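Some notes on the structure that comes next.
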Amino acid sequence: MSAGTLDIGALPKVLLLNPPASSPVLRDYYCSTRPKANYYWQPIDLLCLAAQLRGRARIMLLDAAAQQTPAKQVRKIVQAYQPEAVYCLASTLSFQEDMAFLQKIANEKTRVVIGGEAALAPDFPFEGFPFVDALALDFTAPELSEFILEGKASGRLRTRDNAPDPPPKGGEYALGVVPHNLVDNALYKLPLWKGVFHSLLTDFGCPYKCSFCNSGLDGLGYKTRNLEEIEKELNLLKILEARQIYLRDMTFGAELNRGMEVLNLLSRYSFALRAYLRADQITPAFAKALKKGGFQMAQIGVESSSALTRQALGKNISDEVFFRAFRLLQEQGIEAGAHFIIGFEEDPPLAAMDCLTMAKKLNAAYCSINVIQDRLGARANLLADSLRRPWFKLHSQAAMALYNAPKQAGFIILSLI
């Protein structure tokens with residue numbers, strides 16, 4: 001068991017915690033998901049907050065979920081450290097477990113802030129969890145570190161007495177350079193990438209308004225990170241001999257001119273990159289810039305094989321645009337994965353097979369099929385009834401296995417040649 005620490009003199013002790021989990025769960029960036037395979041990425045919330053607190057607090061960053069550390073052992077570490085403030089991720093999928101653990105390590109002297117999707121609850125039951133002092137709706141906002149250190153609530157923080165400000169609709173933010181050495185990057189894995197990778201955030205939120213997502217303009221909002229600060233972090237990653245970087249933006253290049261600026265900066269380095277992209281942003285010029293910047297893998301949200309369903313979800317992109325985007329990327333030697341969502345009320349029983357068929361037509365590097373769940377901060381979606389949902393889950397797993405097993409076998413063979 002290890003935890004990254006930044007210890008400077010008599011500054012206050014802060015614990016940044018991804019709590020232990022009885023089964024694999026991803027809690028960061030206001031999403032709650034169960035990994036469908038052996039993959040896990042760095043909790044970007046905790047890294048960004050560590051950057052803001054650097055030099056102002058003694059920091060322990062503890063990713064107990066990634067390290068698969070038993071709760072009892074984590075409690076001993078926390079009790080020995082005796083933090084004055086705790087920032088803890090909490091998922092809607094593991095909420096009761098997360099709160100039960102947090103209650104055991106909190107006391108009346110500890111300031112406790114919740115992050116993750118659970119923090120987006122507009123009616124969070126503070127009376128049921130008196131040890132929770134605040135909910136953080138933006139882990140990049142400067143008022144978060146101020147509350148952790150001083151207890152002053154403002155901005156995108158929800159407390160018993162403070163209603164949060166609306167999400168940002170633009171503007172720029174800065175964090176400081178992220179201390180990537182606070183986590184053991186060897187713990188984390190991504191499909192179709194071998195070896196160590198690092199996470200980097202260049203934008204926060206997303207300027208779009210897809211109804212199934214809580215990370216858009218009306219949910220988290222959208223703002224861009226200072227380019228000079230990104231360059232400083234890239235220089236640090238170069239010093240750390242990073243080779244692969246997962247750009248953690250919800251939608252990289254969501255604003256095309258901004259995306260081109262970041263790619264121009266990335267092109268000065270030799271990192272291998274991957275990120276989520278929108279198909280309707282991929283022009284010939286942007287595809288060339290992605291290649292020059294170092295992109296190896298694009299993760300494309302197709303969402304549904306039905307254009308009518310996509311339109312209803314607020315992602316009105318035609319089949320022709322998807323085929324063009326995948327072709328442009330593939331012509332540049334960039335692999336593109338297709339991500340789908342099924343389980344809506346109007347979805348046919350064989351929706352997963354329809355996704356598989358479209359992934360084949362796109363010649364996608366892989367096919368990821370997720371069963372929809374309501375997310376805090378997203379507009380309500382019509383989910384299939386509870387009796388049909390297990391079928392969608394089972395069928396999605398079968399369809400992904402049919403598509404991905406031959407692709408992954410070919411990738412492994414090619415990587416050994």
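Observations on the model:
- By the helix-only formula, in which each DSSP H run with n ≥ 4 contributes -39500 (n - 2.57) and the sum is divided by residues, the chain has a 222 nm mean residue ellipticity of -10000 deg cm²/dmol.
- Overall form of segment 12-159 per C-alpha gyration tensor (a/c, 1.5; a/b vs b/c): rounded
- Close amide-amide hydrogen proximity is noted between I341 and E303, S304, N370, each under 5 Å apart and 5 or more residues distant or on a separate chain (H modeled in the peptide plane; Pro and chain starts excluded).
- Cα centre as origin, Lys/Arg/Asp/Glu Cβ charges: segment 87-163 dipole, Debye: 140
- Cubic angstrom per residue, convex hull over Cα atoms of segment 187-307: 121
- Considering only L149, A380, Q330, and ranking their Cα positions along the charge dipole of the chain that arises from unit charges at the beta-carbon of Lys, Arg, Asp and Glu, the one farthest toward the positive end is Q330.
- In this structure segment 4-127 gives 39 Å² per residue of accessible area when probed at 1.4 Å with all protein chains present.
- Anisotropy class of the chain from Cα gyration tensor, a/c 1.5 cut: prolate
- Under the convention that each Lys and Arg Cβ holds +1 and each Asp and Glu Cβ holds -1, the size of the dipole of the chain around its Cα centre is about 1000 debye.
- For D28, residues with placed amide H under 5 Å, excluding near neighbours: none
- Rounded if a/c under 1.5, otherwise prolate or oblate - segment 172-413, Cα gyration tensor axes: prolate
- For segment 172-413, the solvent-accessible area of protein heavy atoms averages 43 Å² per residue (probe radius 1.4 Å; ligands and nucleic acids excluded).
- Per-residue HN-Hα couplings for segment 82-92 [Karplus 6.51, -1.76, 1.60; θ = phi - 60°; Hz; x = Gly/Pro]: 6, x, 8, 8, 10, 10, 10, 6, 9, 9, 5
- Just the protein heavy atoms count here, and of the accessible area of segment 12-159 at 1.4 Å, carbon and sulfur take up 49 percent.
- Per-residue 3J(HN,Hα) values for segment 296-313, derived from phi via the Karplus relation 6.51 cos²θ - 1.76 cosθ + 1.60 with θ = phi - 60°, read 10, 9, 10, 9, 10, x, 7, 6, 8, 6, 9, 5, 5, 5, 4, 4, 5, 7 Hz in sequence order (x marks Gly and Pro).
- Here the contact order of segment 12-159, divided by its residue count and restricted to Cα pairs under 8 Å and six or more residues apart, works out to 28 percent.
- Hz values of 3J(HN,Hα) by residue in segment 178-190 - Karplus curve (6.51, -1.76, 1.60), Gly and Pro given as x: 5, x, 4, 6, 6, 10, 8, 5, 5, 6, 9, 9, 10
- Heavy-atom accessible surface of segment 172-413: percent carbon and sulfur, 1.4 Å: 55
The values are calculated or read from the model by the stated rules, or taken from the named source; none is laboratory data. Everything numeric here is computed off the predicted structure, so don't read it as measured data. FYI the Cβ positions are ideal-geometry reconstructions off the backbone, even for glycines, and counts take in every protein chain you see. All accessible areas refer to the heavy atoms of the entire protein, side chains included, with ligands and DNA or RNA removed. Shrake-Rupley method; radii C 1.70, N 1.55, O 1.52, S 1.80 Å.
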